[in-house]
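Remarks on the structure that follows.
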Amino acid sequence: PISVMDRIAVRGDDKNADEGAEEKKPAVFKYTDFDITSPKNNETIRNQPDVTITLQLKPDLNTEENHSILLLLDGMPVIKNSRAMSMQLGRLDRGAHKLQAQVRSKEGKIIVRTRTTVIHVHQTSAL
């Protein structure tokens, strides 16, 4: 008679190696919260020489992947490659302005962006 046995798994045998085990993939980094916290949407700014923009980002900016922040004013970049959560803009012209911040990869790809915040700048006339 002939005996029949199941094949014995051998190290390096990729047919049975880790059978049933899930492949471990590196976790994908994802931002969960990104907002302009100051100034607030539709806030009026009166007679300020500078406007401070404050951001909130969770989790913190991934500097290991060379992520950076781009700040847009009326659709135009005004601060590039920043890693700060607080930024100073100089005196702004009177009127309504749109602010938006974006986290970008080192290649320049937009990873996440804030909602657009509208601010209203009022300046007292010198006359």
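The values are calculated or read from the model by the stated rules, or taken from the named source; none is laboratory data. Remember, it's a predicted structure, so these values are computed and weren't measured experimentally. In this analysis, Cβ positions are derived from the backbone assuming ideal geometry, glycine residues included, and neighbour counts consider all displayed protein chains. Heavy atoms of the whole protein, side chains included, go into the accessibility calculation; ligands, DNA and RNA do not. Shrake-Rupley method; radii C 1.70, N 1.55, O 1.52, S 1.80 Å.
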Step through the table entries LYS40/LYS80; LYS58/LYS98; LYS80/LYS106; LYS30/LYS98; LYS40/LYS109, compare each Cα-Cα distance with 20 Å, and write down the pairs that go over it. LYS40/LYS80; LYS58/LYS98; LYS30/LYS98; LYS40/LYS109
Over the range 43-102, give the accessible area per residue in Å² for a 1.4 Å probe, as an integer. 58
Between MET87 and ASP35, how high is the FRET efficiency from 1/(1 + (r/R0)^6) when r is the Cβ-Cβ distance and R₀ = 22 Å? Nearest 0.05. 0.95
Tell me the carbon and sulfur percent of the accessible area for the range 32-127, rounded to whole percent, probe radius 1.4 Å. 46
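Using a Förster distance of 22 angstrom, determine the FRET efficiency expected from the C-beta separation of ILE45 and LYS80, and round it to 0.05.
On the way: r = 23 Å, r/R0 = 1.04.
Working from the Cβ atoms, E equals 0.45.
Work through the residues other than HIS67 whose Cβ is under 14 Å from its Cβ and net out their charges, Lys, Arg +1 and Asp, Glu -1. Kindly include the intermediate steps, with their values, before the conclusion.
Numbers: positive: LYS30, LYS58, LYS80, ARG83, ARG104, LYS106, LYS109, ARG113; negative: ASP60, GLU64, GLU65, GLU107.
Within the 14 Å Cβ shell, the charges total +4.
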